[in-house]
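Peer 1: Here you go, one structure.
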Amino acid sequence: MKRLFDLAQVSRRELNQALHDASDGESFEVTNPRGTHAVACGITAEIDVVVRGSVGYYCAGMHQRGRVLVEGNASTGLAENIMSGRVHITGNATMSAGATGCGGLVVVGGNAGARCGISMKGVDIVVGGNVGHMSAFMAQAGNLVVCGDAAADLGDSIYEAQIFVRGDVESLGADCIEKEMRPTHVETLSRLLAAAATVPAVNGPDPADFRRYGSARRLYNFTIDDVDAVARAARERSEQERDTRAA
Amino acid sequence: MCGIVGLFCKTETHRHELGRLTAVMLREMRDRGPDSAGFASYDAGMPDRTRITVLAEGVTVDWGPVAAALEGLLGAEVTVRAVHDHAVFSTDGDGRAARQWIIDNVAGATVLSYGSQIELYKAVGDPDLVAERYDLASRTGTHALAHTRMATESAVTTNGSHPFATGADTCLVHNGSLSNHNRLRRFLEGHGESFQTENDSEVAAGYLSWRIRSGDTISQALEGALDDLDGFYTFAIGVADGFAILRDPIACKPAVVAETDDWVAMSSEYRAIARLPGAADAEVWEPEPARIYTWSLAA
């Protein structure tokens, strides 16, 4: 049985409390979100939530297990810090979709704005359309799949996340380079496209049409000389501390 | 943090309720800026006359003698009506000269706007109460801008409230902060602009006024702004016959735009747009950084 929450009638707090108290297997339907912030935040159970309309900031933030479907658009911070489970919006997302996500899957049916996947730490993000500038900024782990184009400075200061783009990349950020698509990457990409295949824009692209981008590993990896310098500094610091204690 | 909203009626359909819809949008942005608010609206009610909106904060000004003195200066009839602590002068004479004369001669008065279309009101206090006191809901017209302010770097004063307008029918609301406004203010003062506050956003308004007064279109003025303004900004801008949006190249201040056949609305957050008629079917998107968006009544 599906439980109904009309946000024109009940508060966001009542809705979120009910979602936090829910048991595995329950289903929820939310109407009249009207751009409300923090809808369906902090879910930890294997539940299904359908939101009919557009939501505000931080929808499905800190999401863990369970599935959230938004039939509409989402504003800043969609599924921020998602740990597992699935968050899917049919429309567009504004800034920082999937930011800092540690796991799970975020699917954006339309376009995502600036800094999509900023500082992502293991989440998979599939965008049916385009992503804005500085997407995957300082991304550490996980996969960002873009079926459209990517705006300027894609993957700036990226660590070990992988980016797959089907369309044009306006420019790559510092230390982000195009990399060879090996069979293992085609496999990863195919799996993610299949997982998001309910999105029309995602259902169809051939993995062979995508290019892969990732870190050149020049920016964050210390060179051997630097490692020596770091080790020397640490040694000197501990010697100083010892001298201080002795004094 | 601040909240900004703008509504531009492309067709006649909602012009009779421009103020009511703007008030609905402003209300949703209350908690982004609960300490002060302001709004500007544009209408073609008196196209051949210039209106000058003036605020007297904390002092009582007898507006009748001011109007009489302006008549002498301008050599034209001047009428005035008081709206609480604001006054709206109306004349066939030179609005720019009237603005400067009031700034120079009326103690405690701040000229908020002048032009053939614009009226502008602002005050400290709850945005809903500000809208109510100056009867935003009853205003009709083609487009409106409004702002809710949460002061972070200067005092909560009416003069720090938005919108800002220094030139004819050119008005701006701003979310962000500019870092080169002092140098730019000095430059503009050397080029004929006069300022009444220390506020960075007033300098941005003055910059656009200067460019437009020098013959630029709003698009050309905003192209210049991308080069000459340093800092963070999401702007909504009104001119006599149009509406524009600009975000800085980093675009960390929020903005969302929705458009239907009848209107264009922009806001800091979607919830301000969600309650507009037809919002559910509007095209909604995030304006791109450093990209100039304009809509014109002439188009």
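The values are calculated or read from the model by the stated rules, or taken from the named source; none is laboratory data. This one's a predicted model, so the numbers in the text were calculated from it and none came from an experiment. FYI the Cβ positions are ideal-geometry reconstructions off the backbone, even for glycines, and counts take in every protein chain you see.
Peer 1: Exactly one condition in (1) out of contact with any helix residue (DSSP H, G or I) (no Cβ under 9 Å at 6 or more places or on another chain); (2) more than 14 Å from chain A (Cβ to nearest Cβ); (3) hydroxyl-bearing (S, T, Y) is false for B:Y233; which is it?
Peer 2: It is condition (1) that B:Y233 fails.
Peer 1: Specify which of the listed residues (B:E198, B:E286) is at pLDDT below 95 and touching a Ser or Thr at 6+ places or on another chain (Cβ under 6 Å).
Peer 2: Unique residue meeting the criteria: B:E286.
Peer 1: While we're here: Determine, yes or no, whether A:V87 is away from chain B (no Cβ under 14 Å), within 11 Å of the chain's Cα centre (by Cα) and surrounded by 23 or more Cβ atoms within 10 Å (Cβ to Cβ).
Peer 2: yes
Let's see how each residue does on (1) in contact with a Ser or Thr (Cβ under 6 Å, 6 or more places away or on another chain); (2) surrounded by 20 or more Cβ atoms within 10 Å (Cβ to Cβ); (3) touching a residue at least 40 places away in the same chain (Cβ under 8 Å); (4) within 30 Å of B:L297 (Cα to Cα):
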residue	(1), (2), (3), (4)
B:E57	yes, no, yes, no
B:V80	no, no, no, yes
B:D92	no, no, yes, yes
B:G95	yes, yes, yes, yes
B:T110	no, no, yes, yes
B:Q117	no, yes, yes, yes
B:Y121	no, yes, yes, yes
B:P127	yes, yes, yes, yes
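Peer 1: Go through (1) at pLDDT below 95; (2) assigned to a loop (DSSP other than H, G, I, E, B); (3) over 16 Å from B:A37 (Cβ atoms) and name the single condition B:T140 misses.
Peer 2: Here B:T140 meets the rest and fails (1).
Peer 1: Restricted to the stretch A:90-112, and to residues that are more than 13 Å from chain B (Cβ to nearest Cβ) and assigned to a strand (DSSP E or B), which residue is nearest to A:R65 (Cα to Cα)?
Peer 2: Only one residue fits best here, namely A:L105.
Peer 1: Among (1) of a type in the set (A, V, I, L, M); (2) in contact with a His (Cβ under 8 Å, 6 or more places away or on another chain); (3) in a loop (DSSP other than H, G, I, E, B); (4) under 19 Å from A:V87 (Cα atoms), which single condition is A:A197 missing?
Peer 2: For A:A197, the exception is condition (2).
Peer 1: Moving to a separate point now. Would you please name the residue that is surrounded by the fewest Cβ atoms within 10 Å (Cβ to Cβ), looking only at residues in the stretch A:118-142 that are within 14 Å of chain B (Cβ to nearest Cβ) and within 19 Å of A:V87 (Cα to Cα)?
Peer 2: So, considering only residues that are within 14 Å of chain B (Cβ to nearest Cβ) and within 19 Å of A:V87 (Cα to Cα), the one surrounded by the fewest Cβ atoms within 10 Å (Cβ to Cβ) is A:G129.
Peer 1: Here is a follow-up. Inspect the stretch A:143-152 for any residue being in a loop (DSSP other than H, G, I, E, B), within 11 Å of another protein chain (Cβ to nearest Cβ) and within 12 Å of the chain's Cα centre (by Cα) and give the result as yes or no.
Peer 2: no
Peer 1: Please enumerate the residues belonging to the stretch B:268-299 that are farther than 28 Å from B:Q220 by Cβ, assigned to a loop (DSSP other than H, G, I, E, B) and at the interface with another protein chain (Cβ under 9 Å from one of its Cβ atoms).
Peer 2: B:E269, B:Y270, B:R275
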